[in-house]
1. Beyond 25 Å, what percent of the Cα pairs of the chain remain?
2. What ranking do W212, W253 get, fewest neighbouring Cβ atoms within 10 angstrom at the top?
3. If each DSSP helix of 4+ residues adds -39,500 (n - 2.57) and the sum is divided by the residues in the chain, what number results at 222 nm, nearest 500 deg cm²/dmol?
4. Using a Cα-Cα cut-off of under 22 Å, which lysines could be cross-linked to K36, ignoring same-chain neighbours fewer than 8 residues away?
5. With springs only between Cα atoms under 10 Å, which of P19, P135, P209 fluctuates most in a Gaussian network model of the chain?
6. Grab the beta carbon distance between V66 and L95, set R0 = 35 Å, and tell me the FRET efficiency rounded to 0.05.
7. Straight-line reach only, C-alpha to C-alpha below 22 angstrom: list the lysines that K313 could link to, leaving out same-chain residues fewer than 8 apart.
8. Taking the dipole about the Cα centre of the chain, with the C-beta of Lys and Arg at +1 and of Asp and Glu at -1, give me whichever of M43, A224, I206 is farthest to the positive side.
Amino acid sequence: MARRPSQVTPRAGGKRLMPPQDILAVIRGIEAEVAKVVFGDEMKILVDFLILSILADGHVVVRAPVGLGKTLACTAIAQAIGGNFRKRQFRPDMLPSELSGFEIYNQKTHEFEVRHGPLYGTNIFLADEINRGTPKAQAALLEAMEERHLTIGAKVYPLPSVFVVLATRNPIEHEGTYQLPEAQMDRFFGQPVIKDISVRTGLAIIEDPDFWRSSRERLARIQAVTDPNEIVAIREAIFANVRVEPRLDRYIWELRDATWKHEMVAYGASPRGAINLKKAAIVTAFREGRDYAIPDDVSRYAVDILAHRIFMKPEYRHDAMRDVSPADIVREVLADVRYE
């Protein structure tokens, strides 16, 4: 029988961490609030991964068709955690200052004043069609994602402790887009892929009594069940409560290592991929009510976390005969690497 996470774990300095049962209640509360406006198994998978990424302190890039409700889901989660949500549509003529902000000279005071961009003070930021933005705009977002601060002029402005970027990439349209560099793709915690929704999900959406209402009206039903400060405390408690055995660490690294050894791969998953795989396993174990991680916790999200970090050799990228994707490579690795 699975053990429940320990009731309270002492923190350095004598303070105590948030009790596990309280954390699980908060997570269930977030899921319940979001379920008021987000329907279908496909979107629940996305919501589940977004909650995972928030708890694991990571960013997400999504490949999904337009109109599936990504913005609605992100806004609902932001409201449920009591955070701020902002969205920007990336464009080929976008300037970095449109994201980070800029300085403007005040002729009355003879001083420069800062005009902050949408990233400042934001908890969840939706970068819609990120690959339509210029490399400079992408670089501005990369700085915010990695460094957790913004540089405007000579000053540095820290971002909130809870800062999650959800970027979308349209899998159909390619004209007028800029390829995301490997370094930026590696900064994303994971990339869930949603191809389409089922008939069942579609019917649930259009049969909703409030289907005709605007997103703003529907989102008014969402109540905050926590706040960003508590999310930080929840993260600390989760990673303090769940242990990972050395052999599971080795298993995680061997999975990462195996992606480099595959004959069709030019560049395999980075060390950051292994780190994020471990983070996902810890959060998953906690959500399942255990104080220890198991191989299934690792494999559950391995495709979403590792596939976007793998780059195929040129001769295999468009090989219609073999038709193997990075996701297929990860599945092969999971089947081949044994946990011992």
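Every number in this text was worked out from the coordinates using simple rules, so none of it is lab data. All values reported here derive from a predicted model rather than from experimental measurement. Every residue, glycine among them, receives a Cβ derived from its backbone with ideal geometry; neighbour counts consider all protein chains shown.
1. Summing the P(r) of the chain above 25 Å gives 57 percent of all pairs.
2. W212, W253
3. So the calculated ellipticity at 222 nm is -13000 deg cm²/dmol.
4. Straight-line reach from K36, under 22 Å: K44, K70, K87.
5. Largest GNM mean-square fluctuation: P209.
6. Working from the Cβ atoms, E equals 0.90.
7. Cα-Cα hits under 22 Å: K261.
8. In the chain, that residue is A224.
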